[in-house]
1. Select, from A59, A63, A43, the only residue that is touching a Lys or Arg at 6+ places or on another chain (Cβ under 8 Å), over 22 Å from L228 (Cβ atoms) and among the small types (G, A, S).
2. Any chance you could count how many residues in segment 160-182 are touching a helix residue (DSSP H, G or I) at 6+ places or on another chain (Cβ under 7 Å) and either open to solvent by 10 Å² or more (accessible area, probe 1.4 Å) or within 15 Å of the ligand (Cβ to nearest atom) (or both)?
3. Taking segment 238-259, which residues are over 25 Å from F80 (Cβ atoms), in a strand (DSSP E or B) and open to solvent by less than 100 Å² (accessible area, probe 1.4 Å)?
4. Among the numbered criteria (1) of a type in the set (D, E); (2) free of Cβ contacts under 8 Å to residues at least 40 places away in the same chain; (3) within 16 Å of the ligand (Cβ to nearest atom), which single criterion is violated by D201?
5. Confirm whether S98 is within 16 Å of the ligand (Cβ to nearest atom) and hydroxyl-bearing (S, T, Y).
6. Which residue pairs have Cβ atoms closer than 8 Å, lie 6 or more positions apart in sequence or on different chains, and pair a first residue in segment 341-352 that is assigned by TED's automatic domain parsing to the domain that holds A383 with a second residue that is hydroxyl-bearing (S, T, Y)?
7. Looking at Q189, is it open to solvent by 10 Å² or more (accessible area, probe 1.4 Å) and in contact with a strand residue (DSSP E or B) (Cβ under 9 Å, 6 or more places away or on another chain)?
8. Suppose the filter is at positive phi and either in contact (Cβ under 8 Å) with a residue 12 or more places away in the chain or away from the ligand (no atom under 15 Å from the Cβ) (or both); does E269 pass it?
Amino acid sequence: MNIADIEKIRTLFPILHQEVNGHPLVYFDNAATTQKPISVIEALDKYYRFDNANIHRAAHTLAARSTEMFEDTRKTIQSFINAKEAEECIFTKGVTESINLVAQTWARKFVQAGDEIIITTMEHHSNIVPWQMICEEKSAILRVIPINDSGELLMDEFDKLLNPKTKLVACVWVSNALGTINPVKEIIQKAHAVGAKVLLDGAQACSHLKVDVQDLDCDFLCVSSHKLYGPTGVGVLYGKRQLLEMMPPYQGGGEMIKEVSFEKTTYNEIPYKFEAGTPNIGDVIAFKKALDFVNEIGKDFIAHHENSLLAYFNELLLSEELKAVKPIGTAKEKVSVQSFVIEGMHHFDIGMMLDARGIAVRTGHHCTQPLMNRFSLEGTVRASFAIYNTLDEVKKLTDSLIRICKLR
Ligand code: 7TS
């Protein structure tokens with residue numbers, strides 16, 4: 001890792017250069033949302049100053065310009081995830097909407113009574129509740145892959161759950177609470193062998209890992225812009241063309257139609273069939289700049305730097321003064337997310353004390369209540385590191401934790 005490079009990257013993020021509670025901000029809540037580089041902020045400003053117009057509809061110059069930029073983001077995300085075609089990338093509000101879209105269209109059409117959907121113990125609520133809703137509606141059955149104490153999937157148990165009634169495996173690629181990287185390629189191969197489709201929740205994976213949907217052969221991948229240095233309110237649903245074409249529309253309205261009469265409406269081609277109404281144009285356009293930012297730095301460099309932050313944090317946690325700190329999520333394969341608890345202290349109090357020193361972490365159940373139950377916890381403190389974080393900041397966190405541990 002080159003410290004000079006990281007210092008240069010930090011200059012691209014205006015928000016990092018401020019004091020919080022009298023201390024320089026240390027932002028370790030990146031799994032909730034990442035900060036945005038200046039290129040993203042300027043793209044939003046430029047769009048509303050010079051280019052704002054509704055897309056796909058008018059003959060005028062601004063509309064043509066904004067349509068071109070909007071579709072440019074689609075091409076950029078296509079190559080970012082290596083989809084075969086840009087039309088396989090549908091813009092949504094985020095991962096939550098991408099999952100609900102598949103649940104309410106594909107699953108509603110193809111899941112029947114007695115069919116089974118498999119998820120994992122470490123899913124975010126957004127990859128649990130939509131499937132519970134469809135299972136209830138269809139009298140289908142939700143099955144859950146258990147995990148070990150390190151937070152790794154028990155793949156033998158997955159093998160036992162798979163059967164010809166399995167219609168879908170909906171699985172988080174990287175756990176937001178534990179950081180575990182799941183063996184998704186193996187999961188996809190095994191699921192396909194029994195004829196099931198696979199949806200990957202890529203909310204956390206896409207900012208840390210290389211993504212190649214053709215190599216993975218996943219059927220659906222859900223992506224969120226705001227966890228990838230882009231604006232909030234933008235996500236992507238990737239789906240294989242053949243599947244998207246078989247799916248009914250999600251919402252009815254403008255843009256998703258070919259022709260409307262009171263007797264009958266015919267639907268537009270993909271991706272527009274799934275993009276009813278005026279989308280979040282400015283944020284989609286700015287999302288391209290976030291993808292460009294990640295591409296310029298490169299996933300190898302990002303992974304290398306983030307892994308060194310995680311390794312340093314875990315090394316510091318071994319100190320005698322921090323022996324009350326218990327890491328939660330110790331999988332062999334993981335990204336730069338570390339949950340922990342301190343014996344005898346409430347996670348929320350720890351979060352407040354860290355905030356008093358300008359350190360932003362997440363506390364609570366991280367929208368993974370069943371996972372917290374698996375560890376018999378109400379919640380954890382979670383530090384999640386991104387490309388602009390430094391070893392020095394990690395040291396500040398452990399120094400503060402030492403002080404907090406002394407208060408026990
Ligand atoms: N899936 C995972 C694994 C997530 O981490 C999140 C958000 C979502 C789905 C929802 O994504 P969205 O695009 O709809 O926002 N995770 C978190 C978090 O860990 N703390 O705040 C939000």
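The values are calculated or read from the model by the stated rules, or taken from the named source; none is laboratory data. Quantities reported herein were computed from a predicted structural model and do not represent experimental measurements. Cβ placement follows ideal geometry from the backbone for every residue including glycine, while neighbour counts extend to all protein chains displayed. Note: areas computed on protein heavy atoms with side chains; ligands, DNA, RNA excluded. Shrake-Rupley method; radii C 1.70, N 1.55, O 1.52, S 1.80 Å.
1. On the way: A59 fails: touching a Lys or Arg at 6+ places or on another chain (Cβ under 8 Å); A43 fails: over 22 Å from L228 (Cβ atoms).
When all the criteria are applied, what remains is A63.
2. 8
3. I257
4. Exception for D201: condition (2).
5. Numbers: within 16 Å of the ligand (Cβ to nearest atom): yes; hydroxyl-bearing (S, T, Y): yes.
It is true that S98 is within 16 Å of the ligand (Cβ to nearest atom) and hydroxyl-bearing (S, T, Y).
6. Listed pairs, sorted by first residue: V341/T380; H347/T363; H347/T380; F348/T363; I350/T363; G351/T363.
7. no
8. no
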